[in-house]
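Participant: Okay, here's the structure, questions in a sec.
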């Protein structure tokens, strides 16, 4: 399977560049009114997720409970604990906002579309991938904020737990539920217009990325950080990815999973979602001027996981029957 950069990856670079050149409109108090625009965008993304989530598609893979246990434990327990361990080693050498960003990355749910696509391309167990990717998205709405709140409290940053949970319920959970309730009327439309829904979803994420970096740039968060911060983020993302990839592969082998289940588990367990990650960050760190740097590890991890998993999918697809 050949991997090529799509418009969304170029769009992320464009959004960041635009924020560097014109931070005013997207910063707090700017004419785009990001405090309203971003929350509306988050609600739209999760509404479309609710419309697109088909529980019927999960049934075929629902009985492979041992695989599901490995994937979900990796995503929401092992991944964050590995993040804690790695940060304990290097935290004194990197900016605190980058450390928060790496932990946020570790606490996120898995991807949906790319995990399923990679599993299919590698001739893995697609129903298992669909089940785990969908389940991960639902669990992440609850577990990711809990992990992030714990992390911020341990740093003494403090969070307004009541306000954050209220915003999560209002802008994430409620639109997701409404989207699910609207499936009898909009489900077929979303299926027929998957490309349009995907474009709206990704376009909204790019707007949130732009506004997130505007505030960071306007307040001088990036001053004093050169190319070294990008190299650090890239190195950290690579180490994190390969540690988790190796661990999941080893656990699957010890558990005696067949090769199709192992492929699904590796792809679902090692990936992290930017589609849910950016909107969640906007809610969890809404008033934090460091949001741009907090998002940096995720924005590097996203294309990196696509490149590496694309290479792996192509290699595994060539195996003998």
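Participant: Which pairs have Cβ atoms under 6 Å, sit 6 or more apart or on different chains, and link a residue in region 1-25 that is on the phi < 0 side of the Ramachandran plot and at pLDDT 90 or above to one that is part of a loop (DSSP other than H, G, I, E, B) and surrounded by 13 or more Cβ atoms within 10 Å (Cβ to Cβ)?
Facilitator: As it stands, the answer is 24/30; 25/32, since those pairs meet every condition given.
Participant: Next question, about the same structure. Out of 73, 85, 57, 69, which single residue is modelled with pLDDT under 90 and surrounded by fewer than 19 Cβ atoms within 10 Å (Cβ to Cβ)?
Facilitator: Just a single option satisfies the conditions, and that option is 57.
Participant: Might you check whether a residue that is farther than 30 Å from residue 29 by Cα, surrounded by fewer than 18 Cβ atoms within 10 Å (Cβ to Cβ) and either touching a strand residue (DSSP E or B) at 6+ places or on another chain (Cβ under 6 Å) or at pLDDT below 95 (or both) occurs anywhere in region 195-216?
Facilitator: yes
Participant: Across region 23-46, what is the total count of residues that are over 29 Å from residue 180 (Cβ atoms) and in contact with a helix residue (DSSP H, G or I) (Cβ under 8 Å, 6 or more places away or on another chain)?
Facilitator: Selection size over region 23-46: 8.
Participant: If you don't mind, there's one more thing I want to ask. Is there any pair with a first residue in region 151-174 that is under 30 Å from residue 86 (Cα atoms) and a second that is modelled with pLDDT under 70 and in a loop (DSSP other than H, G, I, E, B) whose Cβ atoms are under 8 Å apart and which are 6 or more apart or on different chains, and what are they?
Facilitator: 152/158; 152/159; 153/159
Participant: For region 277-302, which positions are at pLDDT 90 or above and either within 11 Å of the chain's Cα centre (by Cα) or surrounded by fewer than 24 Cβ atoms within 10 Å (Cβ to Cβ) (or both)?
Facilitator: Scanning region 277-302 gives 277, 278, 279, 280, 281, 295, 297, 298, 299, 300, 301, 302.
Participant: Okay, moving on. What helices (runs of 4 or more DSSP H), lying completely within region 98-169, carry at least 1 residues that are closer than 18 Å to residue 306 by Cα and either modelled with pLDDT of 90 or more or within 13 Å of the chain's Cα centre (by Cα) (or both)?
Facilitator: Here the list reads 113-121, 126-154.
Participant: Now a separate question. With the condition kept exactly as written, say whether any residue in region 229-240 is surrounded by fewer than 24 Cβ atoms within 10 Å (Cβ to Cβ), within 20 Å of the chain's Cα centre (by Cα) and free of Cβ contacts under 8 Å to residues at least 60 places away in the same chain.
Facilitator: yes
The values are calculated or read from the model by the stated rules, or taken from the named source; none is laboratory data. Note that the structure is predicted; figures quoted are calculated from it, not measured. Because the Cβ atoms are built from the backbone with ideal geometry, glycine has one as well, and the counts that use them run over all protein chains shown.
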